[in-house]
Amino acid sequence: MELDRRLKNKSARIGVVGLGYVGLPLAMEFCRKGFRVDGYEISRPRLAALKAGRSYVDDVSSADVARFSKNGLFRAHGGFDTLAGCDAVFVCVQTPLRKTGEPNLAPITEAAKLLRRHARKGRLVVIESTVFPGVTQDWILPILAEGGRKLGRDFFLAFSPERVDPGNRSYGIANTPKVVGGADAESTRLASLAYAQILGEKVVPVSSSRAAEVVKLLENSFRSVNIALVNEMALICHRLGLDVWEVLSAAATKPFGFMPFYPGPGIGGHCIPKDPKLLAWKMRTLNFEPRFIELASAINGSMPAHVVERVAALLNKDKKPLNGSLILVLGVAYKAGTADYRESPSLDVMHLLLEAKARVIYHDPHVPSLRLDGRLLKSKPLTASLLRGADCAAVLTAHRGVDYGLVARLSRRVFDARNAVPSGPRVEKL
Ligand SMILES: NC(=O)c1ccc[n+]([C@@H]2O[C@H](COP(=O)([O-])OP(=O)(O)OC[C@H]3O[C@@H](n4cnc5c(N)ncnc54)[C@H](O)[C@@H]3O)[C@@H](O)[C@H]2O)c1
């Protein structure tokens with residue numbers, strides 16, 4: 001088959017629609033293996049950055065973007081004229097929830113329509129964006145098939161969940177197995193072949209696109225539920241006057257049957273808070289109430305308020321109210337090692353602090369500025385006077401390279417939600 005041949009000899013042209021945290025690393029990985037990649041991005045600032053050879057994703061270096069742009073392997077486009085030339089296209093656009101809690105399929109629908117408008121016979125389309133079960137088969141397939149096009153003849157379609165873990169230094173695209181489920185068997189085979197070019201043996205085919213969609217939702221529900229369990233354990237230990245971190249590290253010495261997860265100020269990012277909700281939403285349309293998943297979301301969602309309560313209790317020791325106190329938030333990204341602060345629990349904590357009329361400042365080496373409640377906040381350099389001046393420092397994200405010893409020594413009070421700060425008389429841990 002023509003596409004087989006082109007994938008194997010690397011002459012297949014790869015398209016990536018949506019060059020965000022998922023799409024850009026994937027595009028770079030295909031370039032690294034010698035494929036020509038056309039990337040499509042509608043965000044002007046992102047497009048401008050790529051055209052200037054600059055990366056905005058932590059795990060992708062600007063050097064790679066510049067190198068692959070210069071040698072002609074990577075081209076970033078704001079328009080879609082060249083899309084008809086792509087033999088295999090990976091869709092990596094965002095799939096957010098609406099404020100009402102319903103999945104917003106508008107970006108992925110638009111991407112599917114673009115692929116139909118700029119069709120190419122025999123093309124492989126792979127959806128990487130996280131979706132609820134059935135989207136690939138029941139939503140994307142009919143769009144691609146409009147006008148009498150046939151799956152298996154005119155196009156192939158598969159779903160393969162992205163497993164990007166921003167900031168993870170051990171696992172990236174090239175060494176993380178990839179699950180692939182096609183809309184038919186030939187689509188599974190072709191998509192597996194495409195990924196084999198960047199992953200070698202590490203492709204895991206499953207029987208359907210729906211199974212592959214649920215694999216992703218299981219993985220992230222697993223994380224959400226286990227994080228909720230340790231968050232509840234943190235609340236339990238606090239009531240019992242115990243140190244949850246000591247309990248966890250002792251439990252983690254069990255060599256079987258236990259896997260440590262860590263508590264914190266809540267969950268964030270574009271995946272773990274959202275994906276279980278996608279599954280829960282779908283299941284409610286089938287009259288099934290997923291209780292475990294909902295409970296985990298509720299517990300994780302209550303953690304920012306708990307952090308604020310604990311900060312207030314610390315201030316109380318100094319006879320200070322939240323109102324008017326200066327709170328220094330350390331870390332606003334949703335996890336260590338990334339600049340991504342989407343859905344970050346730090347924002348919820350800061351919002352609650354501001355509502356209580358506290359004065360809020362922050363330091364985050366990865367996030368130079370952010371918008372919160374209509375205000376523009378800028379990261380402050382972590383100096384001795386900053387630490388001494390704050391009534392309480394709250395460690396919400398434990399980035400490497402922050403001097404937590406200094407934080408412990410100079411701060412008036414520290415609330416440490418990440419167990420990053422050395423213990424001390426003025427340090428209180430979650
Ligand atoms: N970020 C992660 O760690 C992660 C991990 C696994 C899965 N996912 C899933 O992958 C998907 C993408 O996530 P992300 O974090 O990369 O999102 P992102 O918002 O960083 O990137 C999506 C990009 O797609 C672009 N886009 C939207 N519509 C477009 C169109 N019609 N044409 C071209 N570009 C378009 C947007 O401008 C944006 O830059 C989501 O479904 C997410 O849930 C994300």
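Of Phe30, Phe261, Phe156, the residue with the greatest mean-square motion in the GNM of the chain, using alpha carbon springs below 10 Å, is Phe261.
Residue by residue, the range 147-154 carries 3J(HN,Hα) couplings of x, x, 6, 10, 4, x, 10, 8 Hz when phi is fed to the Karplus relation 6.51 cos²θ - 1.76 cosθ + 1.60 (θ = phi - 60°); x denotes Gly or Pro. Accessible surface computed residue by residue for the range 226-429, with neighbouring protein chains in place and a 1.4 Å probe, gives 49 Å² per residue. Within the listed set Asp373, Asp184, Asp243, the residue fluctuating most in the Gaussian network model of the chain (springs between alpha-carbon atoms under 10 angstrom) is Asp373. Taking amide H as placed 1.01 Å from N in the peptide plane, Tyr362 has its amide H under 5 Å from the amide H of Val329, Lys380, each at least 5 places away in sequence or on another chain.
Reducing the range 315-336 and the range 146-203 to their Cα centroids gives an inter-centroid distance of 45 Å.
In the range 258-276, which residues have a backbone nitrogen under 15 Å from the label point lying 7 Å from Ala252's Cα in the Cα-to-Cβ direction? Taking a point 7 Å out along Cα→Cβ of Ala252, the residues of the range 258-276 whose backbone N falls under 15 Å are 258-264. Only beta bridges with both residues in the range 226-429 are counted; by DSSP, about 20 percent of them are antiparallel. Work through the residues other than Ala251 whose Cβ is under 15 Å from its Cβ and net out their charges, Lys, Arg +1 and Asp, Glu -1. The answer is -2.
Distance between the C-alpha centres of the range 60-78 and the range 92-114: 27 Å, rounded to the whole angstrom.
Could you tell me the relative contact order of the chain? Use alpha-carbon pairs under 8 Å, at least six residues apart, and round to a whole percent.
Values: 864 pairs, mean separation 45.2, N = 430.
Reported relative contact order: 11 percent.
Of all DSSP bridge pairs formed entirely within the chain, close to 15 percent run antiparallel.
A 1.4 Å probe, protein heavy atoms only, puts the accessible area of Thr82 near 40 Å².
Taking the convex hull of the Cα atoms, report for the chain its projected area averaged over all directions, in nm².
On the way: hull surface 88.6 nm².
Average of the hull's projected areas for the chain equals 22.2 nm².
For the range 351-365, putting each phi into the Karplus relation 6.51 cos²θ - 1.76 cosθ + 1.60 with θ = phi - 60° gives couplings of 4, 5, 5, 5, 4, 7, 6, 6, 9, 10, 10, 9, 10, 8, x Hz, in residue order, rounded to whole numbers and with x for Gly and Pro.
Maximal additional length on extending the Arg388-Arg239 stretch stands at 50.7 nm, based on 0.36 nm per residue less the C-alpha distance. Taking amide H positions as modeled 1.01 Å from N, with prolines and chain starts lacking one, no residue 5 or more places away or on another chain lies under 5 Å from Val421.
Semi-axes, largest first, in whole Å: what does sqrt of 5 times each Cα gyration tensor eigenvalue give for the range 188-251?
Numbers: eigenvalues 331, 38, 8 Å².
Result for the range 188-251: semi-axes of 41, 14, 6 Å.
Taking the protein heavy atoms of the range 277-430 in the context of the full set of protein chains, the accessible area attributed to carbon and sulfur is 54 percent at 1.4 Å.
Residues considered: Glu110, Glu246, Glu355. Largest GNM mean-square fluctuation over the chain, using C-alpha springs under 10 Å, is found at Glu246.
Overall, the chain carries a charge dipole of about 940 debye about its Cα centre when +1 sits on the Cβ of Lys and Arg and -1 on the Cβ of Asp and Glu, all other atoms neutral.
A cut-off under 12 angstrom between Cβ atoms defines the neighbours of Phe415, and their net charge, with Lys, Arg +1 and Asp, Glu -1, is +3. Amide H to amide H, with H built 1.01 Å from N, Gly39 comes under 5 Å of Val16, Arg75, Ala76, His77, counting only residues 5 or more places away or on other chains.
Here the range 226-429 was treated as a single set of alpha-carbon atoms; its pair distances binned every 10 Å from 0 give 9, 34, 36, 17, 5, 0 percent.
Give me the base-10 log of I(q)/I(0) for the range 1-123 at each q in 0.18 Å⁻¹, Debye formula, one uniform scatterer per Cα, rounded to two decimals. With one equal scatterer per Cα and no solvent, log10 I(q)/I(0) is -0.94.
Ordered by solvent-accessible area of protein heavy atoms (1.4 Å probe), largest first, the residues Phe288, Phe68 come out as Phe288, Phe68.
For the cross-link pairs Lys274/Lys357; Lys51/Lys380; Lys33/Lys178, the ones whose C-alpha atoms lie over 20 Å apart are Lys274/Lys357; Lys51/Lys380. Label separation (Ser302 vs Thr82): 5.2 nm, computed from points 7 Å beyond Cα along the C-beta direction. Counting every alpha-carbon pair across the range 220-278, the share separated by more than 18 Å comes to 40%.
In the complete set of protein chains, residue-level accessible area for Lys202 is approximately 70 Å², probe 1.4 angstrom. Residues Ile361, Ile127, Ile236, ordered by accessible area of protein heavy atoms at a 1.4 angstrom probe radius and largest first, appear as Ile236, Ile361, Ile127. On the principal axes of its alpha carbon atoms, the range 352-430 extends 36, 27, 23 Å, with the longest extent given first.
When the surface is traced with a 1.4 Å probe over the full set of protein chains, Lys378 keeps roughly 130 Å² accessible.
Once you sort the root eigenvalues of the Cα gyration tensor of the range 2-207 as a ≥ b ≥ c, which label holds: rounded (a/c under 1.5), prolate (a/b larger than b/c) or oblate (the other case)? List each step's numbers first, then the result.
Values: a/c = 1.31, a/b = 1.19, b/c = 1.10.
Because its axes are fairly even, with a/c under 1.5, the range 2-207 counts as rounded.
3J(HN,Hα) along the range 93-102, derived from phi through the Karplus expression 6.51 cos²θ - 1.76 cosθ + 1.60 where θ = phi - 60°, amounts to 7, 6, 10, x, 9, 6, 4, 6, x, 7 Hz, with x in place of Gly and Pro. Within a Cβ distance under 12 Å of Arg310, other residues only, what is the Lys/Arg minus Asp/Glu net charge? Taking every Cβ under 12 Å from that of Arg310, the sum is 0.
Largest accessible area first, the listed residues Arg123, Arg153, Arg13 line up as Arg153, Arg13, Arg123 when surface is computed with a 1.4 Å probe on the assembled protein chains.
The values are calculated or read from the model by the stated rules, or taken from the named source; none is laboratory data. Remember, predicted model here, so these are calculated numbers, not experimental data. Here the Cβ is made from the backbone with ideal geometry for all residues, glycine too, and neighbour counts use every protein chain on show. All accessible areas refer to the heavy atoms of the entire protein, side chains included, with ligands and DNA or RNA removed. Shrake-Rupley method; radii C 1.70, N 1.55, O 1.52, S 1.80 Å.
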